[in-house]
1. Once Rh is set to the Kirkwood radius over Cα pairs, what Stokes-Einstein translational diffusion coefficient, in µm²/s, holds for the chain at a temperature of 25 °C and a viscosity of 0.890 mPa s?
2. Return the distance in nm (one decimal) between the two label points of a simple spin-label model at Leu8 and Arg128, each offset 7 Å from Cα along Cα→Cβ.
3. Just to check, using Stokes-Einstein with a Kirkwood Rh over alpha carbon pairs, what's the diffusion coefficient of region 100-232 at 10 °C and 1.306 mPa s in µm²/s?
4. Just rank Asp223, Asp134, fewest to most, by other beta-carbon atoms within 10 angstrom.
5. What FRET efficiency comes out for the pair Gln159/Glu118, r = Cβ-Cβ distance, R0 = 35 Å, nearest 0.05?
6. Taking amide H positions as placed 1.01 Å from N in the peptide plane, with prolines and chain starts having none, which residues 5 or more places from Arg128, or on another chain, fall under 5 Å of its amide H?
7. Note the angle between two axes, namely the Cα long axis of helix 192-206 and the longest principal axis of the Cα atoms of the chain, as a number of degrees from 0 to 90, rounded to the nearest 10.
8. Mind checking region 8-107 for GluC sites (Glu not before Pro) that DSSP puts in a loop (not H, G, I, E or B) and that have at most 15 other Cβ atoms within 10 Å?
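Each value in this text was obtained by applying a stated rule to the coordinates, not by laboratory testing. Keep in mind that this is a model prediction, so the values were computed, not measured. With ideal geometry, Cβ positions are generated from the backbone for all residues, glycine too; neighbour counts draw on all protein chains shown.
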Amino acid sequence: MATDNAELTYLQQQQRTRHQIEEGIISAFAPEDEALRNALTSARAAGLPEIQISPIQGKLLQVLAAACNARNILEIGALGGYSGIWLARALPAGGSRRLITLEINPEHAAIVRNSFEEAGVSDRAEVRVGKALDLLPHLESEAPFDLVFIDADKPPYPQYLEWALRLTRPGSIIVADNCIRGGKAFLPPQDEAMAGIVELNRRIASDPRLVSLLLAIDDDYTDGFAIAVVKH
Ligand code: SAH
Ligand code: DHB
Ligand code: MG
């Protein structure tokens, strides 16, 4: 498809505008402090992939945590603890508030523990090492979770949603990352990862227990969260 110069200039201007809007939102509503920046620096130094959520997504998780009065949060897929810090900071002060984050890679988990320590959230945030599908059945005694954030490997996304439904209560919020994937989520899946995402979207959109939406807020509005509230 031919793109002439005027059109190219227009597209570049649009992209600059979107970036400027994002920077404006981040600086006004979701600035990173030293602990968040340090978590990213140590993750990068350890060679972890840079696939953490954005500051806007981190702040959205905090808004959602406040909306459901979250005291008990579950994350599936910790990476270096960046999203975990945003989530742990959304917990109210005092007593029995907790974030549990599941991570299959022990090297990632070591970075997470260090980042939680440096961010001062180790008292309330815990990483459990193992395959999420093995760990989830053991969480039933610690349920219900008020907020569940799904962000691990994509093929089992539908199973993670099923576990999230088992481990939550009416009024809980379930969020899954990477549910748009540049629009691939709306096409027939070409691999196991996309098949998982497409099936999660199908279920989260149609489950009568949920009211849900996809929100394009990441990667220049080409990826983002599926968000669902468990109905009363
Ligand atoms: N939520 C993180 C990013 C997570 S990236 C953030 O925004 O900061 C996905 C993570 O899931 C990786 O660290 C990967 O090791 C982990 N993971 C992949 N498969 C997993 C599984 N089966 N069980 C638990 N964790 C898994
Ligand atoms: C990938 C995984 C993620 O959770 C993400 O946010 C971005 C990319 C990936 O596996 O490529
Ligand atoms: Mg993700």
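1. Values: Rh = 18.3 Å.
Rounded, D is 134 µm²/s.
2. Result for the modelled spin labels: 5.4 nm.
3. Numbers: Rh = 15.6 Å.
For the chosen part, D equals 102 µm²/s.
4. Numbers: Asp223 21, Asp134 10.
Going from sparsest to densest Cβ surroundings: Asp134, Asp223.
5. Details: r = 33 Å, r/R0 = 0.94.
Working from the Cβ atoms, E equals 0.60.
6. The answer is Thr101, Leu102, Glu103.
7. 80
8. Working: sites: Glu22, Glu23, Glu32, Glu34, Glu50, Glu75, Glu103, Glu107; in loops: Glu32, Glu50.
Sparse-neighbourhood loop GluC sites (Glu not before Pro): Glu50.
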